[in-house]
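Below is one structure; the comments refer to it alone.
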Amino acid sequence: MNNKQASLLTVLMITGFLLTASAQNPIVQTYFTADPAPMVHDGTVYVYTSHDEDTTVNNFFTMYDWRCYSSTDMVNWTDHGAVASLKDFNWHEKSNGAWAPQCIERNGKFYLYVPIHGEGTAVLVSDSPTGPFTDPIGKRLIDSDHIWQDIDPTVAIDDDGQAYLYWGNPNLWYVKLNEDMVSYDKNIGDNGIVSIEMTTEAFGSQKGRDGKTRASYTEGPWFYKRNNLYYMVYAAKGIPEYIAYSTAQSPEGPWNYGEIVMERADHLAFTNHAGIIGFKGNSYIFYHDQSLSKGEGFKRSVCVEQFSYNADGSIPLIKPTKEGVKESIANLNPFKKVEAETMAWSEGLKTAGNSQTGVYVTTIENGDYLIVRSVDFGKGVKKFKAGVASGSTGGKIEIRLNRTDGELLGTLPVNSTGGWQNWSVKSCKLKKTKGVHDLCFVFKGDDGELFNFDWWSLIK
Ligand code: FUB
């Protein structure tokens, strides 16, 4: 038994419970992801994340790029890969430090605000939410003399069209972005940068290392407006952090401390970082934990919980759970091409991508699996087909209902296609099945990598 098989066995035993409970957290199992920044666009939730590398260097954040995931049902997430990276900037010297991003759309363009730790806050732009992103200004966006504190940008556009970019650790600053979203009004504050007064009335209180009382705000601000109230949600009280929030009647403050939104918990990391959205009538909070790495604070994972505001607009205390979002809010249509990297849960898998194929599922070995939830079989299906490629002797995909040991609907043999990028369409018969079900693809074969998996669909 190799290392991957041994750890898969452990994971399978542990997740026996998780599968029955339909665990949804963390929402990405193929990579370590952190600092979630959700964006609703055109009926889809895009979550931009930072990315903790599998190998941590020098016992510190090891982060080179930013990833993106999307969902229309809040339980199945499509992996769009690394949509931007430190390599997209040619003016900085850092090869590490791709920290917490946020993306926003304006006039058909997508602006991705990113900190490069130690180099300040920058911006990238794209015509698509999933990139490619390019550097529109060739330098950092925020021209400050405190670039080490210029992390965690958060952006929102007010109803009058004025865009605000807030950021900072352990202080909070903002600029008023110009309509081009890549420059800002230099006529306010200190050369355009407005410093927020960090009072305990505004941001709660904590005891600093020097024993003095100071505002509890630490980092990771998330700025938004709801029902004429402006919210600032943030990581508070140094490390370990909890999530708290403040509100204001204006986008420029003054801020009034609200309450704690998410307490510390054992499976959370020493950092936490929240992003909140409303989507199809529901409210969701994204944050990160360290459950996938079993406790490594530099290997975090993005999670999500559904919640409801209190009647007065206050945010309740939200519990971080393993179950996450319980119900899918839309069924998945399996009669169109479904990307294999759309999944609710997986074990043992990675994704990779190239310009021809896009993102696909890879490092598939015997016993690995993925689950897609709320698949609408309609009045019945007869066949399964998939786009696959194999540079080895291949293997097979067992198509099962609900879980790894669920009812077997059919088996797709995947023989060698003559190369890992020699893609071929294979199909097999399925047991006639109607209605809405979770689908589980269980990968079987000999030792080593079996095949790559790009897409699948069902045939009536
Ligand atoms: O991910 C690196 C840093 O950790 C972020 O910028 C902070 O918000 C904290 O989550």
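The values are calculated or read from the model by the stated rules, or taken from the named source; none is laboratory data. Worth saying up front: this structure is predicted, and the values here are computed from it rather than measured. Note that each Cβ is placed from the backbone with ideal geometry, even for glycine, and that neighbours are counted across all protein chains shown.
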Total residues in the range 41-64, condition of a type outside the set (Ser, Thr, Tyr), surrounded by 19 or more Cβ atoms within 10 Å (Cβ to Cβ) and within 16 Å of the ligand (Cβ to nearest atom): 5
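Does at least one position in the range 241-253 carry a residue that is of a type in the set (D, E, K, R), within 14 Å of the ligand (Cβ to nearest atom) and surrounded by 24 or more Cβ atoms within 10 Å (Cβ to Cβ)? Even if it seems obvious, please write down each step before you answer.
As a first pass, look at the range 241-253 and keep what is of a type in the set (D, E, K, R): 241, 252.
Subset that is within 14 Å of the ligand (Cβ to nearest atom): 241.
This time we only want the ones that are surrounded by 24 or more Cβ atoms within 10 Å (Cβ to Cβ), so: none.
No - not one qualifying residue is present in the range 241-253.
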Residue list for the range 95-144, filter: out of contact with any Gly (no Cβ under 9 Å at 6 or more places or on another chain), small (Gly, Ala, Ser) and more than 15 Å from the ligand (Cβ to nearest atom): Ser95, Gly108, Ser126, Ser128, Gly138
Sole exception among (1) within 16 Å of the ligand (Cβ to nearest atom); (2) without any contact (Cβ under 8 Å) to a residue 24 or more places away in the chain for Lys87, by number: (1)
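How many residues are in a loop (DSSP other than H, G, I, E, B) and surrounded by 19 or more Cβ atoms within 10 Å (Cβ to Cβ) when one looks only at the range 73-107? Break it down stepwise before answering.
Within the range 73-107, the subset in a loop (DSSP other than H, G, I, E, B) is 73-76, 89-97, 99-101, 107.
Applying the additional criterion that residues be surrounded by 19 or more Cβ atoms within 10 Å (Cβ to Cβ) yields 73-76, 89, 97, 99-101.
Result for the range 73-107: 9.
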Filtered residues of the range 254-294 (kept if outside any strand (DSSP E or B) and away from the ligand (no atom under 16 Å from the Cβ)): Pro254, Trp255, Glu263, Asp266, Lys280, Gly281, Lys294
Candidates Gly391, Gly395, filtered to the one that is closer than 29 Å to Val436 by Cα and not hydroxyl-bearing (Ser, Thr, Tyr): Gly395
Residue in the range 202-216 that is part of a helix (DSSP H, G or I), farther than 24 Å from Gly108 by Cα, away from the ligand (no atom under 16 Å from the Cβ) and assigned by TED's automatic domain parsing to the domain that holds Ala122 present: yes
Long-range neighbours under 6 Å by Cβ, at least six apart or interchain, first residue under 12 Å from Val425 (Cβ atoms) within the range 383-405, second in a loop (DSSP other than H, G, I, E, B) and among the aromatic types (Phe, Trp, Tyr): Gly387/Trp423; Val388/Phe451; Ala389/Trp420; Ala389/Trp423
